[in-house]
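Following this message is one structure expressed as structure tokens.
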Amino acid sequence: MSEYKDFYKKIQFSLQDKYTPTDLIGLAAVMHENFPHVEYGGGRYKKLIIENPPQNISKPNEWQDLVQTIVFPEWDSFHPKTKQSEIIVRLVPTIWDIKKGVRVAGNGMNINIPGKGPECWIRVAFLDGNQDVASKELILFNIVHEIAEMDYWVKTSPDETKKHLQTVNEADLLANDLDQYHNLADEKIANGRAFRALQRKWPSEHIRSFVGSQQEIT
């Protein structure tokens, strides 16, 4: 994972500000490089590509089984428009907006690649909020959460999306009011879907011990 060190020095993560063209070129290089992964889809829809975590978190065979059990069935249930984008998930040490002083567990961004079409680039941290190695349960929760959040916005009207962007400052809520942040419609739905997806493998009590009770949204 040493390749990320220079990348994160050069291209800072930004919650709501635009990336520069140079930053996007660097980010594209990271998202499209060769890396060990599990993939799904193709044919009628685009692919879902999920990077393998460091082996001290989950070894490749176990990770493939977990992704097939937890993530792929959820992917099948998403809106067709969601699956029209190639979704690339990379696991990075940490996702930290230095400018706003906010760390997040995962982040996704939609982008249109000339000649290739729409893609969704998702980064999920494999270090937790204390900067310790995250559990495989938490990483999987955050992967499903980010894809489910994308699915939510695909199904949301442009007017509602515009209103959200104009009235909600997610960076401020993350820094100052986590309860309100977790009660945003997209967060509640994404958390609920992620929690239920993990129940395909583990009972709710086990999941809650890794992702927190506030994540169980029914």
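The values are calculated or read from the model by the stated rules, or taken from the named source; none is laboratory data. All figures in this text were calculated on a predicted structure; none of them were measured in a lab. Please note: Cβ atoms are built from the backbone with ideal geometry, for glycine as well, and neighbour counts cover all protein chains shown. Ligands, DNA and RNA are stripped out before the accessible areas are found, and what is left, the full protein with its side chains, is counted by its heavy atoms. Shrake-Rupley method; radii C 1.70, N 1.55, O 1.52, S 1.80 Å.
Pairs needed: first member in region 42-55, in the same structural domain as Glu74 (by the TED database); second member anywhere, open to solvent by less than 70 Å² (accessible area, probe 1.4 Å) and among the acidic types (Asp, Glu); C-beta distance under 7 Å; at least 6 residues apart or different chains.
Going by the 7 Å Cβ cut-off, the qualifying pairs are Lys46/Glu86; Lys47/Glu86.
Counting only residues that are of a type in the set (Gly, Ala, Ser) and touching a helix residue (DSSP H, G or I) at 6+ places or on another chain (Cβ under 6 Å), which one in region 134-164 is nearest to Asn191 (Cα to Cα)?
Looking at the filtered set, the residue picked out is Ala148.
Being part of a helix (DSSP H, G or I) and out of contact with any strand residue (DSSP E or B) (no Cβ under 6 Å at 6 or more places or on another chain) is the filter here; which residues of region 168-185 pass it? Spell out the reasoning first.
Initially, region 168-185 is screened for residues part of a helix (DSSP H, G or I), giving 170-176, 178-182, 185.
Scanning region 168-185 gives Glu170, Asp172, Leu173, Asn176, Leu178, Asp179, Gln180, Tyr181, His182, Ala185.
Quickly run through region 62-95 and pick out the residues that are touching a helix residue (DSSP H, G or I) at 6+ places or on another chain (Cβ under 8 Å) and among the aromatic types (Phe, Trp, Tyr).
Those that are touching a helix residue (DSSP H, G or I) at 6+ places or on another chain (Cβ under 8 Å) and among the aromatic types (Phe, Trp, Tyr): Trp63, Trp75, Phe78.
May I pose another question? I need the full set of residues from region 169-184 which are under 18 Å from Ile98 (Cβ atoms) and among the acidic types (Asp, Glu), in order please.
Glu170, Asp172
Restricting to region 106-136, and then to whatever is of a type in the set (A, V, I, L, M) and buried (at least 20 other Cβ atoms within 10 Å of the Cβ), can you tell me which residue is farthest from Leu48 (Cα to Cα)?
Here is the first cut: in region 106-136, the residues of a type in the set (A, V, I, L, M) are 109, 111, 113, 122, 124-125, 127, 133-134.
From what's left, buried (at least 20 other Cβ atoms within 10 Å of the Cβ): 122, 124-125, 134.
Details: Ile122: 11, Val124: 15, Ala125: 18, Ala134: 22 Å.
Here the residue is Ala134.
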